[in-house]
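Have a look at the structure below, then the notes.
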Amino acid sequence: MSSVNYRNRNQPPSNRQLLILLGIFAAFTIGVIWLIGWIASSIVWLIPYSVEQQLGAVIVPVYERLAMPSPAQNTLNDLLDRLEAQLPSQRQNRDYKVLYIPKDTVNALAVPGDRIIIYSGLVKQAQSENELMMVLGHELGHFANRDHLRSLGRAVVVQIAIASIIGDIGSIGSIAVSGIETISNAQYSQSQESQADEVGLTLLQKTYGHVAGATDFFARMSQKQQLDIDFLATHPAPSRRVKEIQQLIKQRNYKVEQKQPLPSTLS
Ligand SMILES: [Zn+2]
């Protein structure tokens, strides 16, 4: 027996052995890539709120320069306040505000520093207060899931997390600057969108006692896919989202009642 083994060891490896080795190597590589992805998406939860505020100090002024203090912006903030009042109490000590930017872009985004950017192009598409509330609630959902930090890009998030863990607070501003470019083009995944939709739907139900208008905006966007709408680039698959929201409404037995018209400052 031992002589057979000895001889086998000196033979060139068979194709089968090579395939097994290759398979192990491929599985290992996939595992490492998955692990890096997992660490990068989990590390975002280690960034403390104080660091988020520092990021905001760098990022928010960039959008404030574009924003227009106006009756429309005040109304949007009043709407946001009503949703905020329904947030779980541990999230209520945040200072969420809308920055209303007069630009035809059809989009909304959550940015570090507790700001929701709403472009006038999006408001022009809205036809009821309820659907606008769903969009605002959806953006609050991105904060709840920390997508607003992920939108800085994986590399930037990892750098910020490391800087905050080792207490290198001074470098956070300059790291944030390198992430500003990516924020407005950040693409969210289907599951990030679904989670944000769920938060939005829950807030809509708590605010009105029903969920009329929840799918209106996304349904309208799915009809307009031929247009160049930023919302569709950063928020994928509106028709699939409409189906998912409708399923949730059914599962939870939410009622659908009368919609509220848009406030006059927004119509
Ligand atoms: Zn979104």
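The values are calculated or read from the model by the stated rules, or taken from the named source; none is laboratory data. What you see is a predicted model, and the numbers here were worked out from it, not measured in a lab. Cβ atoms come from the backbone with ideal geometry, glycine included; neighbour counts cover every protein chain shown.
Residue by residue, here is whether (1) of a type in the set (Ser, Thr, Tyr); (2) under 25 Å from Leu55 (Cβ atoms); (3) at pLDDT below 95 holds:
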site	(1), (2), (3)
Asp78	no, no, no
Ser89	yes, yes, yes
Asp104	no, no, yes
Leu109	no, yes, yes
Pro112	no, yes, yes
Arg115	no, yes, no
Gln125	no, no, yes
Glu129	no, no, no
Leu132	no, no, no
*Go through the residues of segment 206-219 one by one and say whether even a single one is within 13 Å of the ligand (Cβ to nearest atom) and either in contact (Cβ under 8 Å) with a residue 24 or more places away in the chain or more than 16 Å from Met133 (Cα to Cα) (or both).*
yes
*Complete set of residues in segment 170-190 that are assigned to a loop (DSSP other than H, G, I, E, B) and surrounded by 15 or more Cβ atoms within 10 Å (Cβ to Cβ)*: Ser184, Ala186, Tyr188
_Quick check on segment 194-212. Is at least one of its residues under 23 Å from the mean Cα position of the chain (by Cα), at pLDDT below 95 and within 14 Å of Ala126 (Cα to Cα)?_
no
*At least 2 residues that are more than 16 Å from the ligand (Cβ to nearest atom) and in contact with an Asp or Glu (Cβ under 8 Å, 6 or more places away or on another chain) in each: list the strands (runs of 3 or more DSSP E) lying fully within segment 49-144 that qualify.*
97-101
*Determine which member of the set Ala85, Ala108 is assigned by TED's automatic domain parsing to the domain that holds Ile172 and more than 17 Å from the chain's Cα centre (by Cα).*
Ala85
_Yes or no: segment 160-167 includes at least one residue that is over 23 Å from Thr105 (Cβ atoms), free of Cβ contacts under 8 Å to residues at least 40 places away in the same chain and not in a helix (DSSP H, G or I)._
yes
*Report, by residue number, each residue of segment 27-48 that is surrounded by fewer than 18 Cβ atoms within 10 Å (Cβ to Cβ) and either in a loop (DSSP other than H, G, I, E, B) or among the hydroxyl-bearing types (Ser, Thr, Tyr) (or both).*
Thr29, Ser41, Ser42, Pro48
*Pick from segment 191-205, criterion farther than 12 Å from Leu140 by Cβ and surrounded by fewer than 23 Cβ atoms within 10 Å (Cβ to Cβ), ranking: farthest from the ligand (Cβ to nearest atom)*: Gln205
